[in-house]
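The values are calculated or read from the model by the stated rules, or taken from the named source; none is laboratory data. What you see is a predicted model, and the numbers here were worked out from it, not measured in a lab. All Cβ positions, glycine included, derive from the backbone under ideal geometry; neighbour counts span all protein chains shown. The protein model used for the area step is the full one, side chains on, heavy atoms only, and it has no ligands, DNA or RNA in it. Shrake-Rupley method; radii C 1.70, N 1.55, O 1.52, S 1.80 Å.
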Amino acid sequence: MLVASARLSTLEAFRDGRVREAGPGGKGGGNQKRGASADDLVLTVPVGTVVWNEAQPDSPLADLTVDGATVIVARGGRGGWGNLRFTSPTRQAPIFAQRGAEAQRRHIRLELKLLADVGLVGLPNAGKSTLLTSWSHARPKIGAYPFTTLQPELGVVNLGYDSFVAADMPGLIEGASAGVGLGHEFLKHIERTRVLVHVLDMTRDAPLEDFALINHELAEFGHGLAEKPQILALNKIDTPDGEAQVELLREGIDALGVRWFAISAAAQMGTRELAEATLELLRRSQDEDRRTAARVVPVLTPEPARRNRFEVETGRDGVVELDGPTPNWLAQTLNLEQLEPRLEFLARLRRMGVERVLKRHGVAPGDMIRVGGVMVRWE
Ligand SMILES: Nc1nc2c(ncn2[C@@H]2O[C@H](COP(=O)(O)OP(=O)(O)OP(=O)(O)O)[C@@H](O)[C@H]2O)c(=O)[nH]1
Ligand SMILES: [Mg+2]
């Protein structure tokens, strides 16, 4: 079982790829005693962990978005029954018993997606980390060169009684949507944010082209990134170049249809107003979500195996195959080479209504069928 905890922030503990295993259950005893069940193995993962079953890559098993959310990723083996269980009017002292079944084994992939309200996007060196530093107590590295930030970093932005969480992202470059420069690694984190603050370096030659490039990458990546509401931060206006560009491009900027703020992240000019506008946009987006109930990610829990469900299929070698949790379990745990357990097995299958379906597949008494990988004569 996995449980999400807000106190954990990385999946570092699982890097080793080691097998995690619960202990075995106990043996049954005399006087009809049941064997003890093994303790559950509980693994703690950070909030924001998406759990994938490697065998089903199309949709995640669970999305642990809240503190305390749990998911059972593998069930323990169903215990066997002692001989008394197989007593019948004609069989007072059964000489056979059933083994416990193997527990489920699954290959699970854990993926951490940040849970931030606001994502800071822009080209490398635009000033994203500087902005987060001016907004919060977070201290991401700042450098006068591209790719200073290599991992997303979170900061809590406090505004009076209200606050939001902003994520400083590594810079995006052309081709990021195709994976260039670890693009996928970063972009997936942006997926979880609601609002984007798009930071433009106004000292560059053509900031509007930079703006278009980033938006193109967001759109190419898909996953709704291009639809996220944006707010524009025209950064570095403390410099003469930056200031001049804002004046020069004003018309073009207005024509983008995005709310914009001319700021200096370094000199903390206009950053407070930008934060307030971002909060406002965030709350509006949340209200909208609440109204449409969209983007609320339910915590999925795999449905418990419906044990008596079964399927019958004719295999490639012409042998009819019976497949289902209970038939497989019985076939693998009873000794079908002995007459008594075999008769018991067949009687149980019959009670599940297997006979009718087998008949439809042309199985007659005396034919061999395959159940849970074991060949059995249908009698
Ligand atoms: N003059 C001026 N320089 C700034 C401003 N904001 C950031 N810088 C400088 O721009 C450079 C890049 O800043 P960062 O905050 O590291 O930029 P970034 O967008 O996080 O860059 P990456 O992490 O590489 O994507 C640093 O040298 C900063 O000091 C600003 O408002 N004015
Ligand atoms: Mg940075």
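What does the helix-only formula give at 222 nm for the chain: each DSSP H stretch with n ≥ 4 adding -39500 (n - 2.57), the total divided by the residues, and the result rounded to the nearest 500 deg cm²/dmol? Please list the in-between numbers first.
On the way: 8 runs with 97 residues, N = 379.
Computed ellipticity for the chain at 222 nm equals -8000 deg cm²/dmol.
Nearest 20 debye, what's the magnitude of the dipole of the chain about its Cα centre given +1 on Lys and Arg Cβ and -1 on Asp and Glu Cβ?
With only Lys, Arg, Asp and Glu charged at Cβ, the dipole is about 2880 debye.
Mind listing which GluC sites (Glu not before Pro) in the stretch 185-283 are in a DSSP loop and have 16 or fewer other Cβ atoms within 10 Å?
Qualifying residues, ordered by number: E191.
Give me the one-decimal Kirkwood hydrodynamic radius in Å for the chain, with the sum taken over alpha-carbon pairs.
Across the chain, the inverse of the average 1/r is 25.3 Å.
Evaluate 2.2 N^0.38 Å with N set to the residue count of the stretch 118-292, then give the Cα radius of gyration divided by it.
Its radius of gyration relative to the 2.2 N^0.38 Å reference: 0.95.
Counting only protein heavy atoms, what percent of the accessible surface of the chain is carbon or sulfur at a 1.4 Å probe?
The computed percentage sits at 50.
When ligands, DNA and RNA are left out and all protein chains stay put, how many square angstrom of accessible area per residue does the chain have with a 1.4 Å probe?
On a per-residue basis, 56 Å².
Applying 1/(1 + (r/R0)^6) with R0 = 45 Å to the Cβ-Cβ distance of Q151 and E355, what FRET efficiency is obtained, to the nearest 0.05?
Step by step, r from the Cβ atoms, then E = 0.15.
Regarding the stretch 311-377, what are the three Cα extents along the principal axes, ordered largest first, in Å?
27, 23, 21
Once you have the Cα-Cα distance between L43 and D254, take 0.36 nm times their residue separation minus that, and quote the gain in nm to one decimal.
Numbers: separation 211, 0.36 × 211 = 75.96 nm, distance 5.09 nm.
Using 0.36 nm per residue and subtracting the Cα-Cα distance, I get 70.9 nm.
At 1.4 Å probe size, put E174, E111, E54 in order of accessible surface, largest to smallest.
On the way: E174 130, E111 35, E54 100 Å².
In descending accessible area the options line up as E174, E54, E111.
What length, rounded to one decimal in nm, is gained on full extension from E227 through to R316, with 0.36 nm per residue of separation minus their alpha-carbon distance?
Working: separation 89, 0.36 × 89 = 32.04 nm, distance 4.83 nm.
Full extension of this stretch gives 27.2 nm more.
Considering the dipole of the stretch 190-242 built from charges on the beta carbon (Lys and Arg +1, Asp and Glu -1) around the Cα centre, which of T239, I214, G224 is farthest to its positive end?
It is G224.
Give me the count of lysine pairs in the chain whose alpha carbons sit under 25 angstrom apart, restricted to pairs 8 or more positions apart or on different chains.
Lysine pairs meeting the criterion: 12.
Looking at the stretch 311-377 only, what percent of DSSP beta bridges run antiparallel? Nearest 5 please.
Around 75 percent of the beta bridges assigned by DSSP in the stretch 311-377 are antiparallel ones.
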